[in-house]
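Notes for the one structure printed next.
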Amino acid sequence: MQWLSDRVACSDPLAEAEALALLEATDEQLPAILAAATAVRRKHFGDDVTLCSILNAKSGLCGEDCIFCAQSGRHDTDVETYPLLADERIEAAYDQAAKLPIGKFGVVTSGKAVSEAELNRLCELIRRCRGPVDWCASLGTLTEGPLRRLKAAGLTRLHHNLETAESYFPNICTTHTYADRLATVLAAKRAGLEVCCGGLFGLGEQPRHRVELAMALRELAVDSIPLNFLVPIANTPAADLARPLSPEQILKTIAMFRLVCPAAEIKVCAGRERHLGPREEEIFAAGATGMMIGGYLTVRGRSVEEDLAMLDRAGMRR
């Protein structure tokens, strides 16, 4: 893939057609793709990785109909449901997470948006509970005013995924739009927050949809791009729609995002353990610069010790 080597040598991000060509490359071309992605990752980040952890602070009973989500009240899943946890439990979770080698701790709430009362509680909690790990949050659809309040309280980063390409979004959700999600991302940027924004793959989308999302995230200049690979949940519509990506497709997807968005953090999150198996450490060769550790919202990950050992084997610094 001489064209790819030439593109990397020129330090230019991939154009749309080139990104699609990368995803459609043969598996025999994967070593060349990984070499290019590694070169770009090392140019911008060296061999350093950033780790994060999250807390499912409010679970289930969501009124939205996202086809992949166990927390939607429209799907008959056995997910645990509870309101926003008591301040003491959130603070204890932060203190416990701060013992891990992470940079950010994310509070995640189900539902379209937090209420005013919940927002007030979270602002006060973040203001009061400061430590070595930065606060991040995923709180649904928010406007600039509440986001400025959160930033003033000490929040450093907002997580709000676009999930998929704008052209494919109606296939995964009908109760809100891609434009709604985009508005929250733009509001967070105007509020001066870092933005963590990525997607979920294996929902039946085509390679062109993955490229479309990557181009949108480059245009938005987000700080961190989390890449998730669907772990189907029984009784959600996505369980029937799911088209699991092969390890080679996953690695090419990670590399494509690295080469389209060379200066952004690329974090590989849900599904890496299930779909990559013994090839998981190749995510760094594909250009990843971080991971979520300690489990996900409704799906268990591996133990922290196993993840840290994998980083060491891959020769990454934390």
S167: passes all of (1) at pLDDT 95 or above; (2) within 26 Å of A270 (Cβ to Cβ); (3) surrounded by 15 or more Cβ atoms within 10 Å (Cβ to Cβ); (4) not aliphatic (A, V, I, L, M) but (3)
If you go through segment 168-184 one residue at a time, how many are touching a residue at least 24 places away in the same chain (Cβ under 8 Å) and part of a loop (DSSP other than H, G, I, E, B)?
6
The number of residues in segment 1-56 that are surrounded by 15 or more Cβ atoms within 10 Å (Cβ to Cβ) and basic (K, R) is 2
I'm told C123 meets every condition in (1) surrounded by fewer than 20 Cβ atoms within 10 Å (Cβ to Cβ); (2) over 19 Å from T184 (Cα atoms) except one. Can you identify the failing condition by its number?
(2)
Starting from residues that are in a helix (DSSP H, G or I) and either crowded, with 22+ Cβ neighbours inside 10 Å or of a type in the set (S, T, N, Q) (or both), keep the ones in segment 92-120 and report whichever is farthest from the chain's Cα centre (by Cα).
N120
Filtered residue count, segment 1-17, keeping only those that are in contact (Cβ under 8 Å) with a residue 24 or more places away in the chain and within 21 Å of L217 (Cβ to Cβ)
7
Only one of these conditions is not met by R258: (1) more than 16 Å from the chain's Cα centre (by Cα); (2) surrounded by 24 or more Cβ atoms within 10 Å (Cβ to Cβ). Which number is it?
(1)
For the structure I just gave you, tell me whether A187 is in a helix (DSSP H, G or I) and either crowded, with 21+ Cβ neighbours inside 10 Å or touching a helix residue (DSSP H, G or I) at 6+ places or on another chain (Cβ under 6 Å) (or both).
yes
What's the number of the condition A165 fails, among (1) in contact with a Lys or Arg (Cβ under 9 Å, 6 or more places away or on another chain); (2) part of a loop (DSSP other than H, G, I, E, B); (3) farther than 30 Å from E205 by Cβ?
(3)
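The values are calculated or read from the model by the stated rules, or taken from the named source; none is laboratory data. From a predicted model like this one, the values you see are computed outputs, not experimental measurements. Counting neighbours? That spans all protein chains shown, and the Cβs are built from the backbone with ideal geometry, glycine included.
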